[in-house]
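Worksheet for the structure shown next.
The values are calculated or read from the model by the stated rules, or taken from the named source; none is laboratory data. Keep in mind that what you see is a predicted model, and the values were worked out from it rather than measured. For neighbour counting, all protein chains shown are included, and Cβ atoms are generated from backbone atoms with ideal geometry for every residue, glycine included. Just the protein is used for accessible areas: all its heavy atoms, side chains included, with ligands, DNA and RNA removed. Shrake-Rupley method; radii C 1.70, N 1.55, O 1.52, S 1.80 Å.
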Amino acid sequence: MQGLYLLVPLAPLVGAIAAGLFGKWLGRTWSHRITIALVAVSFLASLAIFDDVLAGHMFNGSVYTWLTSGDTSFHVGFLIDRLTVTMMLVVTFVSLMVHIYTIGYMVEDPGYQRFFSYISLFTFSMLMLVMANNFMQLFFGWEAVGLVSYLLIGFWFDRPTAIYANLKAFLVNRVGDFGFLLGIALVLQVFGTLDYAAVFANAASHAQDLAPIPGMSVGLLTAICILLFIGAMGKSAQFPLHVWLPDSMEGPTPISALIHAATMVTAGIFMVARMSPMFELSDTALSFVMIIGAITALFMGFLGIIQNDIKRVIAYSTLSQLGYMTVALGASAYSVAIFHLMTHAFFKALLFLAAGSVIIAMHHDQDIRNMGGLKKYMPITWITSLIGSLALIGTPFFSGFYSKDSIIEAVEYSHLPGAGFAYYAVLAGVFVTAFYSFRMYFLVFHGEERFGKGHHNHQGDHADEEVSADHHHGLAPGQKPHETPWVVWLPLVLLAIPSVLIGFVTIEPMLYGDYFRDAIYISHEHYEAIAEMREEFQGAMQMALHSFVAKPFILALAGVVSAWFFYMKRPDIPAAIQKRFMFIYTVLDNKYYFDRFNDWFFAGGARGASRFLWKFGDVKLIDGVMVNGTAKLVGLFSGVLRRLQSGYIYHYAFSMIIGVFVLLTVRNWFE
């Protein structure tokens, strides 16, 4: 099976090399054929490995020794268990759908082959991350997905907004990665190895140790877990390192689906679940994780309410849903977090790709205020968008319902500090999610047809731009939208199927069974709270039937009805509310001023420090004192010596007499 394990990540890598280095000779058609075929091979191999793992066969071993330093060896190795294979299936399937979708979406783009190379390279990087059996390979995959995301967000490098967005994503992730790297270094210092199995086996023996941090009395495992989670805060866009994700919508829409819905942003969730044997030994770290997730889930949802760019609404939805997953991790419901990661990957990728379909039909206009009534023109996009939206808000019998409601139940039963705040945050988030999701849905697909009329100027909501013949945006007067080609809508249909069924099919083994028994560890104290939740609902059907009288369903229904009333029946009310509460709207419109604070404090502070180092350090200290000052000192000393070297004999005789006098005086003085 080791050959099959290697095939999964290496097949997309070969595709990336082929399209990237030889795309000019292969041409467009063969570039996408090769990359799609090899990602399909990776998906089929993952299915075969999944079947083998279900049969009870797991693997944990090294395939290559990368470096040996003293007594420490760094390996490339694979850990194939049920957690790994679940991620492999999600990554390869969503990637395959995105590859197919890209044929239609990027058809006119001159960087066609380069784009296929990038997304295949990203798939390889993500697979190396989830299949790792040691921290070194985890870090390699972690940084590789960050690098490729930088390339993809800035794919249209001739646009200043795209360059700003990819630099922002890269720098913010470096902040998180600094903490992540410190956590890995602390693991190596304490445990002497980076192998998962060895670290997890010895973690309990260090539960009472203090971290070797001067001047601080912090538990060792608490320090390690929080440092590792800081890395997850960057990758999974958790408050306050969330600021990069909305701007990353500057990349092409297929990237939004691949990176910012199903794969890269879920890397942090996967990492914390993988590190469960360590996190379970620190209640402080778990509470920290839960509170950060709760803040992200609620307050990022608020921002989705006022967005008018179709992709940014979904982007803030992604932020909020990542917060839900993080809350589940903090409540020790790791299996619930991975369950929501899986269901979310399908319906959020569906929503992003459906948004791209709308953008194509609208000739690249992304402002939902310029849409309306698209249902009759785009029936396939309409129905798949409805399915994705229903799954997102947690409608009973849709996949998102089972995972989202399980998170709410898990945090309700948690006894950790901060669980009360987290419960009310995720509960309130249900209404907020339903409201902004169906606000977008109603404005895009129902109501008055607003396209082909006076367009709103949405400066700041940068359009998802493609290179086209006339570079226009939006439908001209008299033009009508139409359904997109089959290569665009087919992935929507294929993603809509698991968006409905995957939750019902997998909830029994993942949440109520022992599917993750060998991959995720939960301490006895924390398991009791999870067991209480499991006892209340013994199956998917019972959970769904109970939900019709539960708080989440009532709140979701209220959110949908409110969105319908405000934007279909009385569109004057939202405008009046905005005018009445302009202060709150301004705060939300400025995204809580995080970007301005970062620009003023961090970017401005860096520029200020640079100016100080330039004017004082470089100009005055180095040039003024060390370089020019040294020259002036030498010149002054030379001027004095020049006066002594006059060339007159009587000057030299007088100097000799004075010198002898001084020597005799000193000699007599000391005697």
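Brief remarks follow.
- When the residues of the stretch 383-407 are filtered to those that are at pLDDT below 90 and surrounded by fewer than 24 Cβ atoms within 10 Å (Cβ to Cβ), the one that is farthest from V561 (Cα to Cα) is F397.
- Filter pass, V145 being closer than 28 Å to V327 by Cβ, open to solvent by 40 Å² or more (accessible area, probe 1.4 Å) and under 15 Å from the mean Cα position of the chain (by Cα): no
- Of all residues in the stretch 350-382 being surrounded by 21 or more Cβ atoms within 10 Å (Cβ to Cβ) and assigned to a loop (DSSP other than H, G, I, E, B), the one that is farthest from the chain's Cα centre (by Cα): M378
- L341 vs. criteria open to solvent by less than 10 Å² (accessible area, probe 1.4 Å) and within 20 Å of H99 (Cα to Cα): no
- Selection of the stretch 497-523 for residues being assigned to a helix (DSSP H, G or I) and either aliphatic (A, V, I, L, M) or closer than 25 Å to V199 by Cα (or both) yields I497, V500, L501, I502, V505, I507, M510, L511.
- Checked against the criterion of being assigned to a loop (DSSP other than H, G, I, E, B) and open to solvent by 10 Å² or more (accessible area, probe 1.4 Å), the stretch 325-335 has no qualifying residue.
- Any hit, the stretch 155-175, residues being more than 28 Å from P110 (Cα to Cα) and either touching a Pro at 6+ places or on another chain (Cβ under 6 Å) or open to solvent by less than 10 Å² (accessible area, probe 1.4 Å) (or both): yes
- Among all residues of the stretch 21-32, there is none that is within 18 Å of P9 (Cα to Cα) and of a type in the set (A, V, I, L, M).
- Only a single criterion out of (1) under 18 Å from H340 (Cβ atoms); (2) in contact with a His (Cβ under 6 Å, 6 or more places away or on another chain) is not satisfied by N308, namely (1).
Condition check ((1) outside any loop (DSSP other than H, G, I, E, B); (2) within 15 Å of S149 (Cβ to Cβ); (3) in contact with a Ser or Thr (Cβ under 9 Å, 6 or more places away or on another chain)) across all residues:
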| site | (1), (2), (3) |
| --- | --- |
| I230 | yes, no, no |
| M233 | yes, no, yes |
| S256 | yes, yes, yes |
| H260 | yes, yes, yes |
| A273 | yes, no, yes |
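- Close pairs (9 angstrom Cβ cut-off, 6 or more residues apart or separate chains): within 13 Å of A285 (Cα to Cα) and open to solvent by 10 Å² or more (accessible area, probe 1.4 Å) in the stretch 213-242, among the acidic types (D, E) and in a loop (DSSP other than H, G, I, E, B) anywhere: G219/D209
- Lone qualifier among Q137, Q113 - being within 18 Å of P12 (Cα to Cα) and in contact with a strand residue (DSSP E or B) (Cβ under 7 Å, 6 or more places away or on another chain): Q137
- When residues in the stretch 66-85 are screened for being open to solvent by 10 Å² or more (accessible area, probe 1.4 Å) and either in contact (Cβ under 8 Å) with a residue 12 or more places away in the chain or among the β-branched types (V, I, T) (or both), 9 of them pass.
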